[in-house]
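S.K.: Below is a structure I'd like to ask you about.
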Amino acid sequence: MLEIAVERETGERHIRVPAEELAALVRRIGGDGDRFLVLQRIPDLPDVFAQVWHEAGGDYTVEYRDGAADRHFRASTEDPGAVAAVLTGWARQEAGWHSGVAWAPLDLGPVREVPPLDLGEEERVELERRVREVLVGGYASRAELAELAEDHLVSGDRRPVSREQARVLADRLWLERVAAQAEWRGETDPERLTRAFTALREAGVTARENFACCRNCGHSEIAGEGGPDARGFVYFHTQCTDSAAAGRGLMLLYGGFDGSSGTTAALGHEIVAALDAVGLRTEWDGDPTRAVTVTPLDWRRRLVG
């Protein structure tokens, strides 16, 4: 698998794709609404990306950027195989991956300087606290964190954080987290949780992580997430994620789609067993009206972007 995320013009994202799938995606683009791919590393890094544009009947335009604006390059070729080879090499960070096409620097003009935040200490601390909270949760992208930073202190007509300032703040905190996770070794508790949820999905349970904003929204929307043969559901919403990131354990909400307490209770036992199988401990007294809580929990979810 390639440690990249690939986004199509359609908005569809592919995470950790094999080289063969990336090549197929390259050959697929060209039609209306499906003319480009954007590749980001995992974890995503600011101003580091590769992309390709193609319209049927024309050449493929490939670009990559490696940090600063003067490290942005473009090439064109009619050969999709050469494009796939270049992008695969970029994804693998292979020596000499640039070869095969002729690159030229891309001048995007002068870089605009972003002024520092003009906030009082209390507002600055509150803004960074909230962005870090969502960042540690591990599900937000850099773009989503920047949007959060821009909007968090908005009050009426007052917007004290510009879009550019929000991006700079989000990127700084993001890179701090990337550096911290580089020291992590082995499987983390959130990765064990994902394994348990995958096993539950394979057993006919609709299992979703960080799903919806609250219990009411989650319960009203979860039925539309599963297949026609799903027996029931389990999920945790964004407020549950915040709690886990703060070290308070993770509350799981669940139920049977037939609405019976018997099905819900049986599903609760199945969820507990799936979590136990991956080495996660739970608190639950068997009451189908009570949530299953995963605790203790060391919440270190690796960023994707």
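S.K.: Across the chain, how large is the tail of the calculated P(r) beyond 34 Å, expressed as a percent of all Cα pairs?
M.R.: Here the long-distance tail beyond 34 Å is 36 percent of all Cα pairs in the chain.
S.K.: Could you work out which residue, out of 229, 157, 79, moves most in a Gaussian network model of the chain, that is, has the largest mean-square fluctuation with Cα springs under 10 Å?
M.R.: Residue with maximal mean-square fluctuation among 229, 157, 79: 157.
S.K.: Longest exposed-loop-site-free stretch of the chain, with GluC sites (Glu not before Pro), DSSP loop and at most 16 other Cβ within 10 Å?
M.R.: 226-305
S.K.: Would you kindly state the longest site-free stretch of the chain, with sites defined as trypsin sites (Lys or Arg not before Pro) in a DSSP loop (not H, G, I, E, B) surrounded by at most 12 other Cβ atoms within 10 Å?
M.R.: Looking at the chain, 1-111 is the longest stretch - no exposed trypsin sites (Lys or Arg not before Pro) with at most 12 other Cβ atoms within 10 Å.
S.K.: Report the full-extension gain for the segment residue 130 to residue 94: residue separation times 0.36 nm, less the Cα-Cα distance, to one decimal in nm.
M.R.: Full extension from residue 130 to residue 94 adds 9.2 nm.
S.K.: Let me have the 222 nm mean residue ellipticity of the chain computed from DSSP H runs of 4+ only, each contributing -39500 (n - 2.57), with the sum over all residues rounded to the nearest 500.
M.R.: Calculated mean residue ellipticity at 222 nm is -12000 deg cm²/dmol.
FYI, it's all coordinate maths here, none of it is from the lab. Here the structure is a predicted model, which is why all the values come from computation and not from measurement. Cβ atoms come from the backbone with ideal geometry, glycine included; neighbour counts cover every protein chain shown.
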